[in-house]
Amino acid sequence: MDGNSDPPRTPPKTPADGKAMATPTPTDPGAEPPTPPTVPRKPRVPGIKEMYSLLEVQMLGYWVTFPFARHVYDMVNKALLFFGKPEGQQGLDELNFDLKKTIWLLLGGLKKRWTQQQGEKPLEILAGGSTQNGKTAIKKAISWTNGRSGVTTIIISSTKRGTSSIAKKFFKDEQRDGKRVWPLPYMICLSESRPCTNTIREVLRRGGIVLCHDAPSRIDQISDALNDPEMRKIPLVIILDEADSFLRREDQSTKLEKALKRLFATGRVLIIYNVTATMLPVLLHMKMDGREIGANSFIVTECRSNYVGPDSFFPLQHKGKDVFLDPENEERSERAMNLLYEQAFKKKGSETLVITDRTIERMEQRADGVQKMYPHVAVMIVTNNGISLRPPLKPMFRGLTLEHVTSEELEGLKTWSAADVINFVDNRFQIETPLVIFGYGLMIRGDSFVSKQRVPDHIICRMGPKISIEKLVQACGRATYQRQATNCNIEDEKRVTILTYPLDYISVRAYPHFMAELQEKLRQPGMTLAKALSPEETYSHKANFMPPGQERSIGQVRDNLRLDVRFLPPPQ
């Protein structure tokens with residue numbers, strides 16, 4: 001009811017004889033003047049014009065009105081409660097990504113695509129930022145908003161372990177004081193179980209969340225559930241987590257790529273989110289396909305002052321000189337690794353990541369050698385068989401108590417996440433005990449190696465020549481983190497000691513700078529993706545992640561991606 005409508009009329013009173021009584025008027029003798037009616041008004045949404053200006057609506061490119069903005073505003077404040085933040089701008093400032101833009105893009109995209117016909121291309125939105133910088137929160141915000149909008153979310157991530165980790169984070173983060181606060185929709189993880197088709201359909205109908213890893217058979221399971229006239233009507237939003245890892249070959253002929261094509265063709269997919277910290281392969285594919293995307297369709301996590309990223313990586317030092325692995329001399333590389341071990345394992349509470357060997361046998365040999373030389377060190381080995389933990393053989397110093405751990409307990413740790421096993425080490429062997437973690441494939445993406453008290457402070461990364469730039473950046477990214485007040489094993493300075501090949505060190509530090517400069521170019525008026533990734537554009541020397549001599553591929557080797565831009569030479 002608005003202010004111009006007539007006030008509600010009071011029905012005339014009826015006497016006992018059933019005849020209606022005349023309503024008194026001001027001209028009747030003895031009649032009281034009528035009381036001005038109280039017109040109920042809609043409650044004003046505070047700050048709506050400050051949060052969503054008409055200019056912002058036009059910049060985002062959506063034909064929306066303020067009632068739509070009110071809906072977004074209401075959804076944003078409820079989402080802030082879900083994240084445990086205060087309502088309004090204060091809560092938005094506490095997050096390291098633009099929650100308002102995230103929900104605005106999602107609801108605006110759903111509004112535009114709601115009436116699209118089967119076979120039309122879905123809207124694409126990119127989400128990323130630096131490694132280990134809170135991209136899970138973006139996925140949670142999208143899934144939560146979808147669930148309250150009658151839309152089903154399908155999240156496909158790389159590796160079975162990484163997908164299970166997302167499911168555990170989703171469930172853990174919605175629990176506060178033993179209660180569910182603004183709970184996520186009904187969720188099922190196909191990486192932890194193999195439910196029947198009817199069970200998957202029930203989750204899809206409820207507007208729930210279906211998580212799945214990058215196995216073609218599991219993706220086909222979702223497609224089979226959607227292969228029904230009624231199921232094809234369900235609106236879907238698909239999140240491709242670690243999106244660049246799904247691009248395998250130039251002709252898209254792998255089983256994984258075919259399974260994804262079938263899923264996109266079978267379901268009513270309205271929006272696809274490409275989420276990754278290494279976005280360049282996705283952008284190069286978009287350029288080749290003639291697809292454009294503006295900076296407003298990027299959702300990026302912000303690197304706050306507590307973020308320890310590649311800019312905090314510094315080479316191993318020995319006698320005042322930088323030390324690197326030698327690609328031509330294996331013996332020299334082994335001496336450099338032993339030098340890093342010596343420095344790291346003298347430090348109380350150190351955490352060292354070692355990503356050097358593909359085979360379990362070689363990892364176990366290195367673990368044997370470390371504990372023989374440094375018996376006070378705890379050892380973790382991360383493989384497809386799970387996580388194996390070797391307790392320290394003796395305390396680092398007198399007075400340090402090491403609790404006994406049974407073989408049954410060690411066997412149970414195999415299915416735990418890496419962060420939970422590190423917490424176990426901190427609790428049973430105390431934070432002062434140094435820890436070394438060996439792995440390879442499962443330490444490239446997905447899992448986090450940060451506990452409540454311990455963060456990585458040393459890393460050795462020796463990847464094979466066929467490993468792409470993106471996998472290199474992701475692997476070294478296991479040593480990045482958001483610093484918290486509970487971290488006990490770090491100095492006041494933000495520093496991670498890294499041992500790798502010289503050219504890989506340059507690439508790892510330069511890649512985030514290139515992505516930041518690319519996004520800045522896309523914000524320029526008239527700039528297109530094709531132009532930003534062309535020889536016409538020049539990037540700074542700090543962004544040159546492909547220095548002379550770097551032979552690693554961009555994306556998968558058989559994807560044959562090329563970057564044709566110019567880089568300024570470094571200053572003399």
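The values are calculated or read from the model by the stated rules, or taken from the named source; none is laboratory data. Computed from a predicted structure; not experimentally measured. When we count neighbours, we look across all protein chains shown, and the Cβ atoms used for this are built from the backbone with ideal geometry, even at glycine. In case anyone asks, the SASA skips ligands and DNA or RNA and just uses the protein heavy atoms, side chains included. Shrake-Rupley method; radii C 1.70, N 1.55, O 1.52, S 1.80 Å.
Odds and ends about this structure:
- Residue pairs meeting the criteria (Cβ under 6 Å; at least 6 apart or on separate chains; first surrounded by 15 or more Cβ atoms within 10 Å (Cβ to Cβ), in the range 78-89; second outside any helix (DSSP H, G or I)): Leu80/Glu87; Phe82/Trp182
- Residue in the range 488-501 that is closer than 30 Å to Ser297 by Cα and not in a strand (DSSP E or B) present: no
- Annotation note: of Ala510, Ala530, the sole residue that is in contact (Cβ under 8 Å) with a residue 24 or more places away in the chain, in contact with a Phe, Trp or Tyr (Cβ under 9 Å, 6 or more places away or on another chain) and assigned to a helix (DSSP H, G or I) is Ala510.
- The one condition in (1) closer than 22 Å to Ala530 by Cβ; (2) under 22 Å from the mean Cα position of the chain (by Cα); (3) not acidic (Asp, Glu) that Leu236 fails to fulfil: (1)
- Exactly one residue among Leu389, Leu339 is within 23 Å of Asn423 (Cβ to Cβ), out of contact with any Ser or Thr (no Cβ under 8 Å at 6 or more places or on another chain) and among the hydrophobic types (A, V, I, L, M, F, W, C), and that residue is Leu389.
- When the residues of the range 348-367 are filtered to those that are open to solvent by 50 Å² or more (accessible area, probe 1.4 Å) and not β-branched (Val, Ile, Thr), the one that is nearest to Val425 (Cα to Cα) is Lys348.
- Restricting attention to the range 421-443, the residues being surrounded by fewer than 17 Cβ atoms within 10 Å (Cβ to Cβ) and farther than 15 Å from Arg390 by Cα number 1.
- Residue match in the range 264-276 (condition: at pLDDT below 90 and of a type in the set (Ser, Thr, Tyr)): no
- When residues of the range 305-347 are limited to those that are open to solvent by less than 20 Å² (accessible area, probe 1.4 Å) and in a loop (DSSP other than H, G, I, E, B), the one nearest to Phe438 (Cα to Cα): Leu325
- Filter pass, Ser149 being surrounded by fewer than 21 Cβ atoms within 10 Å (Cβ to Cβ), assigned to a loop (DSSP other than H, G, I, E, B) and in contact (Cβ under 8 Å) with a residue 24 or more places away in the chain: yes
- In the range 282-302, of all residues being closer than 12 Å to Ala532 by Cα and in a helix (DSSP H, G or I), the one that is modelled with the lowest pLDDT corresponds to Ala295.
- Scanning the range 377-388 for residues that are assigned to a loop (DSSP other than H, G, I, E, B) and surrounded by fewer than 20 Cβ atoms within 10 Å (Cβ to Cβ) yields Asn384, Asn385.
- Checked against the criterion of being open to solvent by 30 Å² or more (accessible area, probe 1.4 Å), outside any helix (DSSP H, G or I) and not hydroxyl-bearing (Ser, Thr, Tyr), the range 468-478 contains not a single residue that satisfies it.
- You will find that of Lys255, Lys261, Lys233, the residue that is surrounded by fewer than 19 Cβ atoms within 10 Å (Cβ to Cβ) and touching a Pro at 6+ places or on another chain (Cβ under 7 Å) is Lys255 and no other.
- You will find that of Arg562, Arg552, Arg558, the residue that is basic (Lys, Arg), outside any helix (DSSP H, G or I) and open to solvent by 30 Å² or more (accessible area, probe 1.4 Å) is Arg562 and no other.
- Tabulated pairs, the range 211-228, first farther than 15 Å from Arg201 by Cβ and touching a residue at least 40 places away in the same chain (Cβ under 8 Å), second open to solvent by 20 Å² or more (accessible area, probe 1.4 Å) and part of a helix (DSSP H, G or I), C-beta under 6 angstrom, 6+ apart or interchain: His213/Lys160; Pro216/Lys255
- Of the residues making up the range 101-144, those that are polar (S, T, N, Q) and open to solvent by 30 Å² or more (accessible area, probe 1.4 Å) are Thr115, Gln117, Gln118, Gln132.
- The range 488-507 - residue that is open to solvent by 20 Å² or more (accessible area, probe 1.4 Å) and within 20 Å of Asp426 (Cα to Cα) and, of those, modelled with the highest pLDDT: Cys488
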